[in-house]
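One structure is given here, and the rest of the page talks about it.
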Amino acid sequence: MPQYVILADHTPQTCPGASKRVGDFARETLSMKLPELSGKLGVRMQTMLHLDPGHKTLMIVEAPTIEAVTELAFESGFTQFNDVQVYPTSSLEELAQRSANWEPLYE
């Protein structure tokens, strides 16, 4: 199944650690909404990390489509307090094969 990277970042003002309301919402999302939605959308969480000391989260997921990952971000509410970016990924081997026949731009 394809892998995707989700990068989410928020301002200090919307940090779950600084705002009780956002903190309560984020804890509910992580403990209840995310597992249920992931199953419903066919998204499997591989890792979720906080990028210290900033206000950024990195998630690596497996999903059938990028649309399923985007829907997870919307339905979970992550987009309400984060700027969320979703990236498809490929292995370095896949990238090397794909780019083997590209015309070089630079000498």
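Computed quantities for the displayed model
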{"quantity": "Region 40-54, subset closer than 23 Å to GLY23 by Cα and over 11 Å from the mean Cα position of the chain (by Cα), residue surrounded by the most Cβ atoms within 10 Å (Cβ to Cβ)", "calculated": "LEU51"}
{"quantity": "Any chance GLY17 is at pLDDT 95 or above, surrounded by fewer than 17 Cβ atoms within 10 Å (Cβ to Cβ) and more than 12 Å from the chain's Cα centre (by Cα)", "calculated": "no"}
{"quantity": "When residues of region 28-49 are limited to those that are assigned to a helix (DSSP H, G or I) and closer than 16 Å to LEU7 by Cα, the one modelled with the highest pLDDT", "calculated": "LEU34"}
{"quantity": "Residue in region 1-11 that is at pLDDT below 95, surrounded by 15 or more Cβ atoms within 10 Å (Cβ to Cβ) and over 25 Å from SER90 (Cβ atoms) present", "calculated": "no"}
{"quantity": "Candidate set: region 55-78, residues that are within 22 Å of VAL22 (Cβ to Cβ) and among the acidic types (Asp, Glu); chosen: the one modelled with the highest pLDDT", "calculated": "GLU71"}
{"quantity": "Helices (runs of 4 or more DSSP H) wholly inside region 55-107 containing at least 2 residues that are among the charged types (D, E, K, R) and surrounded by 14 or more Cβ atoms within 10 Å (Cβ to Cβ)", "calculated": "66-76"}
{"quantity": "Residues of region 12-37 satisfying the condition of being closer than 16 Å to THR79 by Cβ and touching a strand residue (DSSP E or B) at 6+ places or on another chain (Cβ under 9 Å)", "calculated": "LEU30, LEU34"}
{"quantity": "Inter-residue pairs, beta-carbon under 9 Å, first of a type in the set (Phe, Trp, Tyr) and in region 62-86, second assigned to a helix (DSSP H, G or I), 6+ apart", "calculated": "PHE78/ALA26; PHE78/THR29; PHE78/LEU34; PHE78/LEU72; PHE81/THR14; PHE81/VAL22; PHE81/PHE25; PHE81/ALA26"}
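Listed here are the residues, each with its yes/no results for (1) charged (D, E, K, R); (2) touching a Phe, Trp or Tyr at 6+ places or on another chain (Cβ under 7 Å).
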| site | (1), (2) |
| --- | --- |
| VAL5 | no, yes |
| GLN13 | no, no |
| ALA18 | no, no |
| GLU36 | yes, no |
| LYS40 | yes, no |
| MET48 | no, no |
| PRO53 | no, no |
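The values are calculated or read from the model by the stated rules, or taken from the named source; none is laboratory data. Values in this document were obtained by computation on a predicted structure and should not be read as measured data. Please note: Cβ atoms are built from the backbone with ideal geometry, for glycine as well, and neighbour counts cover all protein chains shown.
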